[in-house]
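Heads up: the structure comes next, in structure tokens.
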Amino acid sequence: MMKQLLTAVLMILFLIMVASGQELTGEDIIQKVNDTMNVDTSHAKAKMTIVTTSGSKRTFVQESWSKNKGEKNLVRYLEPRRVKDQAVLMLNNADDIWMFFPRTQRVRKLATHAKKQKMQGSDFSYEDMGSGDAFIEDYVSKRLEDEKSEGYDCYKLELTRKPESDLSYSRLIIWVIKENFVPIAIDYYDDKDPSRRVKRLVQSDIRVIDDIPTAMKSVMFDLNDNTQTELEMLEVKFNIPLDDNMFTERALKK
Amino acid sequence: MKKWVFILAKWVFILGVLGLSWSSLAAQEKLEIFGYYESQAMGTGLQGEFYQLFTNKLRVDLKSDFSDNITFAANFDYIHYLGKTEWNVLDFLSDDVTSTIPEDMQSLYIIAFSNDTFLDNAYMKFSFKPFDLTLGKQQISLGTGYVWNPTDVFNIKDVLDPTYEQPGHTALRLDIPLSPAYTLTALYAPEETWEKSTKLLQLKGAISHFDYNIIAVERVWPFHDYTEFDTEYMNFVDVSEKRKMLGGSTVGELLGLGVWAEYAYNWMEKSGDFYELVVGADYTFDFQTYVMMEYYRNTLGKSDYKDYDINDWMRFLAAEQKAICRDQAYIFAQHPATDLLNVGLQTIYCFSDNSVAFVPTLIYSLSDNVDVYAYLNFNLGKESTVYGKNMGNGGLIRLRAYF
């Protein structure tokens, strides 16, 4: 009887520990974040609004498709007319990038350093938009003390750039919602100075779409320039059939 | 007689594409109409005067998808010029060159800008799984170079403005995807006879993180002899000749740098063979500054500037050949000063005559669909060189509104 009681107590303690997530390491959590973010296929339409230091706004609408958990990506601009039909194809987790310029009908292959460039002058770089397994492949994760962020109970992680990585940020601090493993906020630190925060991403309006928890709104704050860019999802679909032929130079020019 | 038959055939071809397109358009619900209006002012200080040329350009594009497989696209351009619309090339050249020209011919070296309305592109594209067929007047972009493209026998870019759109060319183009990474392209650009028409074959592929292509072209190259005037045609004597070109290009990444190279060897029917070579590299720093360098060699260009003659200058300025000097370098740096403003500096250096041009640039976004592009150009080389002081210093400002 005593033995059964002890087993039951141990079981309850174990379940409490599991429920509170104490057993999860930083690597476990970032793996779950990666699994949540990188669904097999996706198709989205999004509106990007840049708010400049002077307060004026620039708005872009883009359509994107991804396959193989983000290994293949295609982004095509729909608005404004100035950039309509410009498109970016990223393959092999963005190690291969091609850009299509409709006015000159020219496709230009870009080196990976182009990921550091601002997307249409916004506060998002191509690198910030995330591709494949960057959180796992390029950073070492360490779990910090749990914190509340943006009203959610969160795991707090510190990601330190691996020496062999050429990504732009020396480290990241990420707040991950315990309930669904959505990264609700990310702080980005300077390439050379790991103590200097340069950008902050805040996500909101989490909805479950095709069983995937999805942040419908993301705002990137550039803390150096005091500007911000908002990315709002207009339509999202997950796990839809996408042909491999969509992710070719031929399709890029369509 | 034969010539007229081919001219007629060419027009039937263009009008056929347009006719077919318009008749199908009538049945369409969705025809996209868009384009831009462009207002441009250009100025140059020359011989103590500052000359100005103003341009108004309206481009109207039409586009319609007849089905998932068939697309029609076209654009009409109207260009209106104002200001100094006639430029005598001799005003830019040194006495060494102009003194070789008889006095009664000195008024013939005029480059004129006259108002123009034209059909720039009009084509139909048929896309099916085994091939893409593009029929009609279309842009043809070849090669990986940014400023110079040795394998592009159709276009010559403006060194000061290399990303400006190029004109359309009437052609039948067939692209056959052999695999996701490999494409075979065959192109036929008709002229008055089969012999004078352009034939092109290209294989594009990828190995690791490098794209490459191999290209073979046969084309009649339009050349003039600018020392002899043909009074029957009221133009300089046409000395066009057939050119056979074999070349290739590649683009990829090496040690973190974007790198590209392009090479073309040209066998000429009458004049001497020559080759062109481009190698380039670019990089984006973490602080967002983008830098690019390109080296260009064209053995049609002269290695000693004292050998530049009137034919070299005219063929270069009339865009019949890509360079007058043999070896050049282009260096470009650009930085986003704010989220709406990009500032840059282009430097073009000619190794053959030690001349250099500095071209500070500016791109500003006035609104979602209106932007401003401007540059100043300072030619600092000595007289008679390609970027010499006598070419004048000036600049350009261009406002473009998209609709």
Return the calculated 222 nm mean residue ellipticity for chain A, to the nearest 500 deg cm²/dmol, obtained by summing -39500 (n - 2.57) across DSSP H runs with n ≥ 4 and dividing by the residue count. -4500 deg cm²/dmol
To test your reading of the geometry: what angle, between 0 and 90 degrees and rounded to tens, separates the Cα axis of helix A:26-37 from the longest principal axis of chain A? 50 degrees
Given Cβ point charges of +1 (Lys, Arg) and -1 (Asp, Glu) and nothing else, what value in debye, to the nearest 20, does the dipole of segment A:25-252 about its Cα centre take? 1060 debye
How large is ³J(HN,Hα), in whole Hz, for each residue of segment A:245-254 in order, when computed from phi with the Karplus curve 6.51 cos²θ - 1.76 cosθ + 1.60 and θ = phi - 60°, using x for Gly and Pro? 5, 5, 10, 10, 4, 4, 5, 4, 7, 5
Test of understanding: in a Gaussian network model of chain B with alpha carbons linked when under 10 Å, which of B:330, B:373, B:295 would top the mean-square fluctuation ranking? B:373
Quantify how strongly other chains surround peptide B:32-39 by giving the mean number of their Cβ atoms within 10 Å of each of its Cβ atoms. 1
Which of B:350, A:154 comes first, and how do the rest follow, when ranked by fewest Cβ neighbours within 10 Å? A:154, B:350
The protein assembly as shown: C-alpha pair distances exceeding 38 Å, %: 42 percent
For segment A:80-120 and segment B:101-162, what is the separation of their C-alpha centers, rounded to whole Å? 23 Å
Largest-first principal axis extents of the Cα set of segment A:25-252 (Å): 52, 42, 36
Do the sum for chain B: with -39,500 (n - 2.57) for every DSSP H run of n ≥ 4, divided by all residues, what is the mean residue ellipticity at 222 nm, to the nearest 500 deg cm²/dmol? -3000 deg cm²/dmol
Report, as an integer, the average count of C-beta atoms from other chains found within 10 Å of each Cβ along B:283-290. 6
Rounded to the nearest Å, what's the spacing between the alpha carbon centres of segment B:54-81 and segment B:355-403? Just the number, please. 26 Å
Taking every pair of alpha-carbon atoms in segment B:2-402, what share in percent sits in each 10 Å bin, from 0 to the bin with the longest distance? 4, 18, 29, 31, 15, 3, 0
Round to the nearest 10 and give me the degree value, 0 to 90, for the angle of helix A:2-20's Cα axis relative to the longest principal axis of chain A. 20 degrees
Any idea how far the Cα center of segment A:143-184 sits from the one of segment B:194-256, in Å? 54 Å
Averaged over residues of B:365-372, the number of beta carbons from other chains lying within 10 Å of each residue's Cβ is 4
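Readers should treat all values here as calculations from the given coordinates under stated rules, not as data from a laboratory. The shown structure was predicted, so the numbers you read here are calculated from the model rather than taken from an experiment. All Cβ positions, glycine included, derive from the backbone under ideal geometry; neighbour counts span all protein chains shown.
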